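Student: One structure is given below, represented as structure tokens, and several questions about it will come after.
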Amino acid sequence: MLRRNLLPICFAVVCAHAAVTRVEVTSRADVPDTNYERVIGKVYFAVDPKLPINQIIRDIALAPTNAKGLVEFSSDLYVLRPKDRAKSNGTALLEISNRGGKGMQGMFDLGANGADSMLMSSGFTLVWIGWEWDIPPREGLMHLYAPAIKGIIGPVRSQIVIEKRATSVSLGDRTQVPYAVADTNGGTLTVRDDIDAQRTVIPRDQWHFSADGTHVEYAAGFQPGRIYEVIYTGKDPAVVGLGPAAVRDYLSYIKQNGEVKRAIAFGTSQSGRFLRNYVYDGFNADEQGRQVFDGVWAHVAGAGRGNFNYRFAQPSRDGMPRLNLLYAVDMFPFTDAPETDGSLTDSMLARATASHVVPKMFYTNGSFEYWGRAAALIHTSLDGQKDVAPVSTSRIYYLAGTQHGANAKPERTVTQNLPNPADYRFVMRALLVAMNNWITTGLEPPESQIPRVAKDNLVQVSALNFPKIPGVALPNEPTPVFRLNFGPDFKSKGIISLEPPRIEGRYTVLIPQTDRDGNETSGIRLPDQVAPLATYTGWNLRDPNTGAPDAMFDMVGSMIPFARTRAEREKAGDPRPSIEERYAGREEYLRKVEAAAQPLVKQGLMLQSDLAKYIEKAGARWDLLAGNGPAK
């Protein structure tokens, strides 16, 4: 195995005062057809638990230490960087890995297999570092190797929602590694049919833990769509908060070594929530108090933070319409400006402000995040009665009429409607240019684009102007956000004593208003909404075969095509004008798409160089929905 320092400079100068002790490179190779090299390795850390800045890491005082009294841990490392430093733009773009993966090239590079690589052509240094302790042992994933605190026990809750009947289900979320079971004869298993419904206890003699303690086995079978919870006593928790410390310390290291001048953190979904939590907890100051990230971009995170820095935290647990309910995810505060809940006043940026390390912030959310992840709470009051303006160092961009992921295939499998294929990556590419300009030259990015209470485009479900489309049912409400009590030591020490938590109230979650077609009226409206061929939503109800048909399916939106002709529309009783009633043909439609895209280009929300490709995709959508292809 090849082992050498990633940056062969004097470690005595830099690392003697940093948490990074060494970097071992196991692979270095050129990236074909580029001026980039790929560096793979491992970063080793040692942090002082007595430093005040490190005491934000929950349970750091209980972690095992070396002879010098330092807590040791390590992380996987993956870097793509220009071979010629003269071709670097000086900015590190670090993606917070989503459950160990690497996704930002797919977000910003429109072509497959590195084609049309905006990231490389722009000269970014692309960085991934392991931050999550419970990643499965699969090659290619980014792992954090954190120490465990032996002898500690505590309550762990594993929630189970499946789409097909099963008799054995993992205690970990998705494919993640669960906490070990301390007492295989203990625990409770319950079932219910809604988020705040009464739980029914399943008798203990009807289920058991698997021999290896990683699964729960129930001979009668877990039924699709129902909400099951196993609460058990876990043991030997990992020091989960070393994950954000790894991100903090490695980025500080490469900045201080001169590898890059600036740094942007980008995270999608789970990883976006990680970044909200990272800034809130105070990790954007390194051990010497220096600012780590110049820019932080939390994408499709909604109002959430998450399970990233407390005892027995499960980083993969999120908080979707049906999955992972009532975890420590959607917690006060939600806004960058100070807000008050009861006797407590706080803000997302309070600690960064106090330490003078406030980064430039981008928050991007789609329609699903307003329906399923309470995104409105990041810019409204807790009671939904008024708007809360973004602070001057933050921008909030609402990607109207989009689902959680971009560019989905419109193929129905587990939902009542076709998934939403709207491709918001064109906006993301323009915003990346804007963010880098903001932290590099100070050029202000586009103003925030959000639905507002004062303009009546952020409303309750009862005020929604959604059309009555035959065969299409609306969700009853957006996913609620509750005030949760996890026990007296949760806020101060990160220790949960109440599982499940006690519900002590709820916040008001609003959703964007729609027009007569059912398309949303505010935010960044892609030509999909301005010159539409369908209704595009952030919600989609579950197929009855997956259970709970009145519930939203997690992360999936809808594309509800218009009738092709007036005759089809009238026969179906569809109130939305048909495609032939809107457009004389394909050429007129594409002219309207281009006209709808031009204002986005002018505002810096779409790149001029991307316009032709967007129109090409619009043409393919016309062929699908207005031609003879499938559109149901």
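The values are calculated or read from the model by the stated rules, or taken from the named source; none is laboratory data. Everything numeric in this text was worked out from a predicted model, so none of it was measured. Cβ: placed from backbone, ideal geometry, glycine included. Neighbour counts: every protein chain shown.
Student: With region 302-373 as the region, which strands (runs of 3 or more DSSP E) entirely inside it contain at least 1 residues that are under 12 Å from Arg276 (Cα atoms) and among the hydrophobic types (A, V, I, L, M, F, W, C)?
Tutor: Strands (runs of 3 or more DSSP E) meeting the threshold: 360-366.
Student: When the residues of region 213-236 are narrowed to those that are among the small types (Gly, Ala, Ser) and assigned to a loop (DSSP other than H, G, I, E, B), which ends up farthest from Thr200 (Cα to Cα)?
Tutor: Gly213
Student: Any chance you could count how many residues in region 578-593 are without any contact (Cβ under 8 Å) to a residue 60 or more places away in the chain and within 15 Å of Ala612 (Cβ to Cβ)? Full working, then the answer.
Tutor: Residues of region 578-593 without any contact (Cβ under 8 Å) to a residue 60 or more places away in the chain: 578-591.
Cutting the leftovers down to within 15 Å of Ala612 (Cβ to Cβ) gives us 590-591.
The number of residues fulfilling the criteria is 2.
Student: Would you check which residues across region 164-174 are within 22 Å of the chain's Cα centre (by Cα) and surrounded by fewer than 20 Cβ atoms within 10 Å (Cβ to Cβ) and list them?
Tutor: Scanning region 164-174 gives Gly172, Arg174.
Student: Shifting gears a bit: Has region 217-227 got at least one residue that is without any contact (Cβ under 8 Å) to a residue 60 or more places away in the chain, of a type in the set (Ser, Thr, Tyr) and either surrounded by fewer than 19 Cβ atoms within 10 Å (Cβ to Cβ) or assigned by TED's automatic domain parsing to the domain that holds Leu325 (or both)?
Tutor: no
Student: Answer yes or no: is there a residue in region 394-404 that is surrounded by fewer than 22 Cβ atoms within 10 Å (Cβ to Cβ) and assigned to a loop (DSSP other than H, G, I, E, B).
Tutor: So far as region 394-404 goes, no, none of its residues is surrounded by fewer than 22 Cβ atoms within 10 Å (Cβ to Cβ) and assigned to a loop (DSSP other than H, G, I, E, B).
Student: Among the residues of region 257-300, which ones are in a helix (DSSP H, G or I) and either out of contact with any helix residue (DSSP H, G or I) (no Cβ under 6 Å at 6 or more places or on another chain) or among the hydrophobic types (A, V, I, L, M, F, W, C) (or both)?
Tutor: Correct list: Gln270, Ser271, Gly272, Arg273, Phe274, Leu275, Arg276, Asn277, Val279, Tyr280.
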